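A short write-up of the structure that comes next.
What follows is calculated from the coordinates using simple rules that are stated; it is not laboratory data. What you are looking at is a predicted structure, and each value in this text was computed from that prediction instead of being measured. We place every Cβ from the backbone using ideal geometry, glycine too, and count neighbours over all the protein chains shown.
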Amino acid sequence: QVQLVESGGGVVQPGGSLRLSCARSGSISRFNSWGWYRQAPGKQRELVANIATFGSTNYADSVKGRFTISRDNAKNSVGLQMNNLKPADTAVYYCLIAVVGGTYWGQGTQVTVSS
């Protein structure tokens, strides 16, 4: 049984930083892609960033230059460093891991950017 657990959310002022982490338990193919998604109230869930097996990354235009995704294969985890946060970044953030034949989601962590 694969489980993902996010941590690191919270409340931060505009311009501040947060780091999200997501840890995986359970066995899975080493050929996998991690991703971070977010969902703001009244909006659809959207991709924030993803990172493939060998480290190639992809970012939403709205976070380019501010967010950095990284993976630690030894620790079965993924991180999302978020800098220069804006109120528009307020959302529930979900991590995801995808392999051939399956996709697994975490339970989400709230990020609130407010003065």
*So who's got an amide H within less than 5 Å of the one on PHE67, skipping anything under 5 residues away but keeping other chains? H placed 1.01 Å off N, in plane.*
ASN83
*asked:* Which residues does the label zone of LEU47 cover in region 1-37, counting backbone N under 19 Å from a point 7 Å along Cα→Cβ?
replied: 31-37
*Using the Karplus curve 6.51 cos²θ - 1.76 cosθ + 1.60 with θ = phi - 60°, work out ³J(HN,Hα) for each residue of region 99-115 in order, rounded to whole Hz, and write x for Gly and Pro.*
10, 4, x, x, 9, 10, 10, x, 8, x, 9, 7, 10, 10, 10, 7, 8
*Would you kindly state how much longer the chain becomes between ALA60 and VAL99 on full extension, computed as 0.36 nm times their sequence separation minus their alpha carbon distance, in nm to one decimal?*
11.9 nm
*Check the straight Cα-Cα distances from LYS43 and name the lysines below 21 Å, setting aside those fewer than 8 residues away within the same chain.*
LYS64, LYS86
*Quick one: dipole size for the chain, taken about the Cα centre, charges +1 on Lys/Arg Cβ and -1 on Asp/Glu Cβ, in debye to the nearest 20.*
80 debye
_All-pairs alpha carbon distance profile, the chain, 5 Å steps from 0, percent_ = 2, 12, 24, 25, 19, 10, 5, 1, 0
